[in-house]
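Computed from the coordinates by the stated procedures, all read-outs in this text should not be read as laboratory data. What you see is a predicted model, and the numbers here were worked out from it, not measured in a lab. Cβ placement follows ideal geometry from the backbone for every residue including glycine, while neighbour counts extend to all protein chains displayed.
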Amino acid sequence: MTDRLNGYRILILESREEAQFSRLLRDQGAAVVQCPMFTIHDAPDSAAVEAWIRRAVETPFDDLVLTTGEGLRRLIGLAKARGLDQAFVAAIGQSRTVARGPKPGKALREIRLAPQVTTETPTSEGIAQTMAGFDLTCHRVGIQLYPEKDHTKLLNALRQQGASVDPVLPYVYDAEAADPHIVAAIDEMVAGRIDAIALTSSGQVRRLVDAARKHGCEERLRQGLAMTRVASVGPVVSDELKAHGFQTDIMPADGAFFMKPLISAMAARLATMPRRAQA
C-alpha cells in the first residue's frame, strides 16, 4: 500500500541510515524534511584501528561485539583499503558475533555473515545483560564502540567476567557542523510546518536537547515538539523523551521496533488526524 503519507511533512534526524529512511518515507508519499544530527568521519587515528583489525586477523576474537552497523562498515572499508578485507571477514566468521540490535546484524549480512546473538535491548546495558549469560573466562572479546557514549561500565563488566577486552572506535562525530540544521528544524516545528518528527535513537533526543540548550532555544524546542506528532521507533527512545519531559505520540506495537513498522504506525495514526503542515 503506497501513498499512505501523501501530503504529510515528516522531519527525520537519522544520520547513519538517512538515505534508506528517506526513501521508505517517500515511497509512502511523505514530504521528507532532513536534519542531519552530525557529520561522521573516520577515526583520526587510523593506525590504531588498523592495528586492531590486524590483531583480529592474526588471532580471531572468541567473541566480537558490534554496536553499530556504521562501525562495522567503517572497519570493513579500512580493511579493504589495506588489502585485509577478505582475511578480516574470514576472521569475523570465526568469532561468536554479538549484535547490539538489528543494525549491526544488517551490516553483517552485507558481508554474507549473520549475528550469532542479537541483544533484546539495543543499548550498552542490553549488551552487558546478554554477555552476562556467557562464560567469558579467558575469552578475547573484541568490541566495536561508538562515539559520544561512556563505555567504561560495559568494558569493566566484561573484564569482571574474566574476559580480555580489546575495544576499537572506528569513527567520530562532528556535531558542531550540524547545529544550524537543528535550530532550523526547531523553527520549522514551531512554525507549524512539520506534521511529525520520527526519532530512531535515544542519541537523537539527547542531541536535540543539547543543541537547543547550546543555542538558547530549549523553550522553542519544547514548544515545537508540543505542536508536532512525536514518533518513536521503540521504548528506548520513548524513555529518553520522557526523561526530558517530552511525550511519545506514535510508536510501533508488538515489539516491531524498526523503520518499516514505525512508518506504518505513523501512517495509521496520522490518517486519523488533520494535517498541521502544508507540503
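Structural remarks
- Take the Cβ atoms of His181 and Gln94, set R0 to 45 Å, and the FRET efficiency comes out at 0.60.
- Within the chain, helix-based [θ] at 222 nm, where runs of 4 or more DSSP H residues each add -39,500 (n - 2.57), nearest 500: -13500 deg cm²/dmol
- Annotation: extensible slack from Ala132 through Arg82 equals 14.5 nm (criterion: 0.36 nm per residue apart, minus Cα-Cα distance).
- Three principal axis extents of the chain based on alpha-carbon atoms, in descending order, are 59, 42, 35 Å.
- Against the empirical curve 2.2 N^0.38 Å, the C-alpha radius of gyration of segment 120-279 lands at a ratio of 1.25.
- When the pairs Lys214/Lys242; Lys80/Lys153; Lys80/Lys106; Lys153/Lys242 are compared against a 26 Å limit on Cα-Cα distance, Lys80/Lys153 fall above it.
- Global form of segment 42-173, assessed from the alpha-carbon gyration tensor, a/c cut-off 1.5: rounded
- Partner lysines whose Cα lies under 18 Å from the Cα of Lys149, excluding those fewer than 8 positions away in the same chain, are identified as Lys103.
- FRET efficiency, 1/(1 + (r/R0)^6) with R0 35 Å, evaluated for Met227 and Ala47 via beta carbons: 0.10
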